[in-house]
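Here, each number is a calculation from the coordinates, and none is a lab measurement. Here the structure is a predicted model, which is why all the values come from computation and not from measurement. Cβ placement follows ideal geometry from the backbone for every residue including glycine, while neighbour counts extend to all protein chains displayed.
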Amino acid sequence: MVESTVEDGRAVGRAPRPPAIAKRALPKGQPVVLAHELVRLNAGMPCVEPRVRGGLAAWQQRAVVAYIEDHLAEPISLATLAQLARLSSFYFCRAFKQSFGTPPHRYHTSRRIERAKTLLAKPAPSVTDIGFTVGFSQTSSFTAAFRKATGMTPTAYHRSLS
């Protein structure tokens, strides 16, 4: 709401009145926290994240990652990975996602795609052979997974590196 007055025959505006909600004071300490966060965000300093609790222990992470890397081209069951970590399948799946930020199957697929990228950088093998090498049973499933992960087909990726 803007009020105006008339001075010397012309209207002069005043600053608008603050809404009623702005009249309430912030709880004690909040302005300081708000100011600190604004300064931190403006300065580009990283936010201090609380340490993540739970998830897989370091030895469990190493064992599972090594197994996935060694058996990349094979189908790996959740029960097998859970057994390596000595956990139930249910708890393993939750702990794996908390530790790696992605479910076990998606992690396995992303590792396959990364391996395929390194193989596509070499000129010799065909896209079909690479798909079979990294564990895809059909070229179409390899192409679909590769496109979903990278935004381009394996052939287009291979050509872009040439």
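Observations
- Förster radius 30 Å - calculated FRET efficiency between Arg53 and Thr153, Cβ distance, rounded to 0.05: 0.15
- Kirkwood hydrodynamic radius over Cα pairs of segment 29-147, then Stokes diffusion coefficient at 20 °C and 1.002 mPa s, in µm²/s: 125
- Taking the centroid of alpha carbons for each part, segment 138-162 and segment 52-124 are 22 Å apart.
- Packing-based ranking of 133-142, 115-124 yields 133-142, 115-124, ordered from highest to lowest mean Cβ neighbour count within 10 Å.
- Segment 94-150 - percent relative contact order, Cα under 8 Å, separation 6 or more: 26
- Relative to the current alpha-carbon distance between Ser89 and Val39, full extension at 0.36 nm per residue lengthens the span by 13.6 nm.
- At 1.306 mPa s and 10 °C, Stokes diffusion of segment 85-162 via Kirkwood alpha-carbon radius, µm² per second: 117
- Coarse-grained scattering of segment 58-101 at q = 0.21, 0.25, 0.28, 0.30 Å⁻¹, given as base-10 log I(q)/I(0) from a Debye sum over alpha-carbon atoms: -0.63, -0.89, -1.09, -1.20
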